[in-house]
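Report on the following structure.
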Amino acid sequence: MKNKILRVHIFYFLVYVGLISFLVSYAINSLSYVMFLLFFFCDSRKNIRTKLKEITNPVVLLFYLLFLSNLIGLVHTTNIDYGLKELMRFAPMVFMPLIIISERRSIVIERKTINTFSWSLIAILTALIIKHILFDDRSINNFVNYIVNDELGISQFYVAFLFYIPVLFALDELIHHKFHWQQIIFIAFFLFGIVLLNNRTSLLISIPIIIKLFWHKIEGPKSVSIKGIGVILIMVIVGVVSLQKYSGIQTKLKTISKTTDLSIPVIITKNSITYTANTFEHRILINYLSLGLIKSSFPIGLGTGDYQDELNLEYERVHFKYGMTSQFNPHNQYLTEFMKTGVLGGFVFLCLLYFLGRRVDYKNKLVYSGVVFVFIIGCLFESFLNRQHGIYIFCVIIPLFFNTVKK
């Protein structure tokens with residue numbers, strides 16, 4: 001019995017290391033895969049055989065098939081080097097979902113782990129803000145450019161996903177368990193962090209979370225207090241967004257509202273003449289070109305290693321200045337999979353999300369439901385699996401909460 005408890009503690013320690021490594025080190029995040037793999041086989045033969053039976057789990061099988069579809073996509077790939085790089089990034093899908101889903105769980109230890117992770121994240125983010133303002137003598141509205149993009153080298157959306165985890169756990173505690181000021185601190189701090197990241201998609205996804213906090217029926221004497229706090233949170237976030245010195249979102253929204261056209265020929269003409277600042281139009285144009293490539297390469301796709309090269313050629317064909325300079329990825333994971341491996345990879349990816357979505361239950365599985373919702377919506381606006389952090393979210397964080405229920 002003691003060995004079983006010790007094993008659960010080690011499992012959640014590895015979870016903590018993997019999560020906190022997002023803001024610390026790419027190398028540690030990569031090393032966590034190896035530690036999980038060793039941990040899986042450091043068990044009795046009987047337990048290993050039992051855990052391997054989870055291979056028949058539809059979700060685990062679909063992760064395998066998604067990797068396999070990318071492997072098949074190498075067959076008709078010209079750029080083998082890029083294709084192998086893509087395949088190596090997808091490699092954790094072969095073993096991580098099985099490892100995570102098959103291990104024993106403890107809802108008590110899981111919550112303690114997330115609490116520790118949340119406080120650690122607060123300490124790291126606070127230290128980064130202090131460094132940025134006091135030691136580097138920079139304004140807070142440049143935090144994303146200098147700290148997140150340059151020093152950490154992480155996309156804002158991946159950091160925002162990390163912030164959603166303590167917010168969802170805190171919300172679950174308030175709704176299903178008991179009122180505690182720690183949970184209010186987590187929600188307030190990390191929602192502020194999401195605003196600070198200056199990412200429109202992340203802010204848009206935060207709205208349902210705030211509505212859930214405000215409108216959900218919370219039993220007990222603290223109900224009025226929590227709803228009042230919900231109102232305060234909404235006011236604080238709206239206030240911070242409206243202040244340009246704290247966020248550049250207001251400038252972006254003004255640019256979009258004043259310069260957006262929905263006509264593809266007009267968008268192409270504008271972006272072929274100059275470097276436009278309307279990122280919404282950029283995404284429209286990228287999606288339009290991506291859909292054209294999917295149509296022309298139907299049904300087998302462009303190949304695991306060729307899709308980005310072909311997209312770059314499309315940027316040159318329409319003289320998309322920003323696209324040619326930055327070589328944007330498709331900014332849509334659904335389109336990316338159909339572009340790479342055609343019907344096979346695109347269909348497997350959709351089936352996988354369908355099976356993950358079937359487990360959504362906002363009453364008993366709020367945290368899992370929240371992270372799946374964020375991922376599914378995020379894939380509409382980002383090529384989520386184009387970076388290591390996105391793979392970790394997909395095949396570690398989502399499977400981690402797959403079997404977690406309210407108890």
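Observations on the structure shown:
- Only one of the listed residues (66, 98) is farther than 25 Å from residue 42 by Cα, in contact (Cβ under 8 Å) with a residue 40 or more places away in the chain and of a type outside the set (Asp, Glu). That residue is 66.
- Against the conditions (1) farther than 26 Å from residue 367 by Cα; (2) open to solvent by less than 10 Å² (accessible area, probe 1.4 Å); (3) modelled with pLDDT under 95, residue 148 satisfies every one except (1).
- Residue within region 220-237 that is open to solvent by 70 Å² or more (accessible area, probe 1.4 Å) and either at pLDDT 85 or above or aromatic (Phe, Trp, Tyr) (or both) present: no
- Total residues in region 26-51, condition among the polar types (S, T, N, Q) and open to solvent by 30 Å² or more (accessible area, probe 1.4 Å): 4
- When region 329-359 is filtered for residues that are open to solvent by 50 Å² or more (accessible area, probe 1.4 Å), under 25 Å from residue 208 (Cβ atoms) and touching a helix residue (DSSP H, G or I) at 6+ places or on another chain (Cβ under 7 Å), the ones remaining, listed by number, are 355, 359.
- Spans of helices (runs of 4 or more DSSP H) in region 305-407 with at least 2 residues touching a Gly at 6+ places or on another chain (Cβ under 8 Å) and over 24 Å from residue 175 (Cβ atoms): 307-317, 333-358
- Scanning region 313-323 for residues that are under 23 Å from residue 78 (Cβ atoms) and either surrounded by fewer than 16 Cβ atoms within 10 Å (Cβ to Cβ) or charged (D, E, K, R) (or both) turns up 313, 314, 316, 317.
The values are calculated or read from the model by the stated rules, or taken from the named source; none is laboratory data. Bear in mind that the values here come from a model prediction, so they are computed numbers and not experimental data. No Cβ is skipped: glycine too gets one built from the backbone with ideal geometry, and neighbour counts run over all protein chains shown. All accessible areas refer to the heavy atoms of the entire protein, side chains included, with ligands and DNA or RNA removed. Shrake-Rupley method; radii C 1.70, N 1.55, O 1.52, S 1.80 Å.
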